[in-house]
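Working notes, structure below.
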Amino acid sequence: MKHVQRSDRRLVAIYALIAVVALYATWSNNLEFFAMPHNGGLAGFVRHATLNPAARSLTNDLGCVCLAAFVFMLVEAQRLRIRFVWVYILLSLLVAISVMFPLFLIARQIRLAEWTAEHGGG
């Protein structure tokens, strides 16, 4: 991270904080759900995520945000030559998009700083 400026480091720190908060916010609830008796496992989780109009709205909203984030991640990874973008996408589905997208943004911010240094920019 030697090329990352102070303002970029602040942004990286903010993204990292968001990822940590998101990990706690999602997985504390996921673990609570899976600890419930007769939860139905993964199928039960999906069933509960579509149980009523409010849940369906949030589930659909999250799905559309995931789709937009995945397109952005693929385009930016190709443009900036960020390796292993598929890992961010896979872990978004297994862990949480709210965790992995900020982690991708950290990798992107660091790569942008390197790119700027490599190509003679500020």
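Observations on the model:
- In the range 67-91, the qualifying residues are those that are within 21 Å of A13 (Cα to Cα) and either touching a residue at least 40 places away in the same chain (Cβ under 8 Å) or touching a Ser or Thr at 6+ places or on another chain (Cβ under 9 Å) (or both), and the one that is surrounded by the most Cβ atoms within 10 Å (Cβ to Cβ) is M73.
- Among residues of the range 1-46 being hydroxyl-bearing (S, T, Y) and surrounded by 14 or more Cβ atoms within 10 Å (Cβ to Cβ), the one that is farthest from L112 (Cα to Cα) is T26.
- Selection of the range 81-122 for residues being assigned to a loop (DSSP other than H, G, I, E, B), small (G, A, S) and at pLDDT 95 or above yields only A96.
- Residue within the range 46-55 that is touching a residue at least 24 places away in the same chain (Cβ under 8 Å) and either farther than 22 Å from F101 by Cα or part of a helix (DSSP H, G or I) (or both) present: no
The values are calculated or read from the model by the stated rules, or taken from the named source; none is laboratory data. These numbers were taken from a predicted model, which means no experiment stands behind them. Because the Cβ atoms are built from the backbone with ideal geometry, glycine has one as well, and the counts that use them run over all protein chains shown.
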